[in-house]
Amino acid sequence: MILSTAADTLKSAIDTASAHSSGEGGGWILHHVMDSNFIDFYPFGKLYLPHIELFGFDISITKDIFFVWVVTVILVLLLIFLSRGYKKSLIPKGLTNLFEIIIVFVRDEIVKPSIGKGYEGFMPYMLTLFFFILFINLFGLIPAPNLVVPTGNLGVTASLAAISFIAIQLGGIKNHGFFKYLKNLVPSGMPGWILIIMIPLEILGLFTKPFALCIRLFANMIAGHIVIFSLLGLIFILHTIYVSPVAVGFTLFIELLEILIALIQAYIFTMLTALFIGMSMHPEH
């Protein structure tokens, strides 16, 4: 299985590189990590996605958006299938049991300790966030020339961070009310002249949290794929097949490491979102 994965990854890189690398240096790497308006089914051709404009804004369907939809459909269908297992028996078995373990872990080790009182209302969002990021990260590791990792797109991670930003603010407003929530942003008992400095800093801090979520996920996922294709690119840079055992060996190691990173990044993004919601709801802690 492992050797097959390495072989498929090498074949994908060689096929695409042969088609795109003539005179372009590392252009074939960018071909894999950058978004586009088509899906390359090399050597069979390209599937061009529809171009859509609304009120002068370009809302075209791109390759990353397409695969986000694919992963979403797969995840929804899988979870519906697993939920039906409880109709047959209250004791989960097989894959249902595995997902229940993950759900309990997210609840007891991430959401409940980070948010505290009132965490129940955020459980559906936290579970959706965790499984979506996990599945989309793992989807990007499938060794195929036309697949990408959507979380390597800054637009996708920014959208996830924006939704988390809204959840953070709603948590604080729901728990304290709008005006008291704004008041809680600045510690009480501070001299008036310090408030001139603190208020802008605290407002800026509201936006730095989702910005950190966005950049952390994007940078980790895009970096791994660039490293993988750069290692495979050694074969073409050095113009010799004899370097392939080293290149493929290191690529396989990075691929395995990327699986771990996919899990860690889903955990970190969910945990930090829950932590920020908890800080918004319970600023006294």
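The values are calculated or read from the model by the stated rules, or taken from the named source; none is laboratory data. Just so it is clear, the model here is predicted, and its values are computed rather than measured. Every residue, glycine as well, gets a Cβ built from its backbone with ideal geometry; the counts of neighbours run over all protein chains shown.
Considering only the stretch 60-92, how many residues are loosely packed, with under 11 Cβ neighbours inside 10 Å and either among the small types (Gly, Ala, Ser) or over 16 Å from Phe139 (Cα atoms) (or both)?
Number satisfying all stated conditions: 7.
Against the definition (in contact with a helix residue (DSSP H, G or I) (Cβ under 6 Å, 6 or more places away or on another chain), part of a helix (DSSP H, G or I) and surrounded by 12 or more Cβ atoms within 10 Å (Cβ to Cβ)), how does Ala247 come out, yes or no?
Answer is yes for this residue.
Taking the stated definitions as given, is Ile259 assigned to a helix (DSSP H, G or I), modelled with pLDDT under 85 and either over 29 Å from Gly121 (Cβ atoms) or of a type in the set (Lys, Arg) (or both)?
no
Condition first: touching a Ser or Thr at 6+ places or on another chain (Cβ under 8 Å) and at pLDDT 80 or above. Can you find one or more residues in the stretch 191-207 that meet it?
There is no residue in the stretch 191-207 that is touching a Ser or Thr at 6+ places or on another chain (Cβ under 8 Å) and at pLDDT 80 or above.
Does Leu195 satisfy the criteria of being buried (at least 19 other Cβ atoms within 10 Å of the Cβ), without any contact (Cβ under 8 Å) to a residue 24 or more places away in the chain and over 18 Å from the mean Cα position of the chain (by Cα)?
No: the conditions fail for Leu195.
Restricting the stretch 198-242 to residues that are of a type in the set (D, E, K, R) and touching a residue at least 40 places away in the same chain (Cβ under 8 Å), which is farthest from Val148 (Cα to Cα)?
In this case the residue turns out to be Lys209.
Consider the stretch 202-252. How many of its residues are among the aromatic types (Phe, Trp, Tyr), under 28 Å from the mean Cα position of the chain (by Cα) and over 30 Å from Val186 (Cα atoms)?
3
Is it the case that some residue within the stretch 174-186 is in contact with a Pro (Cβ under 6 Å, 6 or more places away or on another chain) and either over 30 Å from Met34 (Cα atoms) or not aliphatic (A, V, I, L, M) (or both)?
Within the stretch 174-186, one or more residues are in contact with a Pro (Cβ under 6 Å, 6 or more places away or on another chain) and either over 30 Å from Met34 (Cα atoms) or not aliphatic (A, V, I, L, M) (or both).
Residues to consider are Leu129, Leu82, Leu141, Leu95; find the one that is of a type in the set (A, V, I, L, M), within 30 Å of Met279 (Cβ to Cβ) and touching a residue at least 12 places away in the same chain (Cβ under 8 Å).
Only one candidate qualifies: Leu129.
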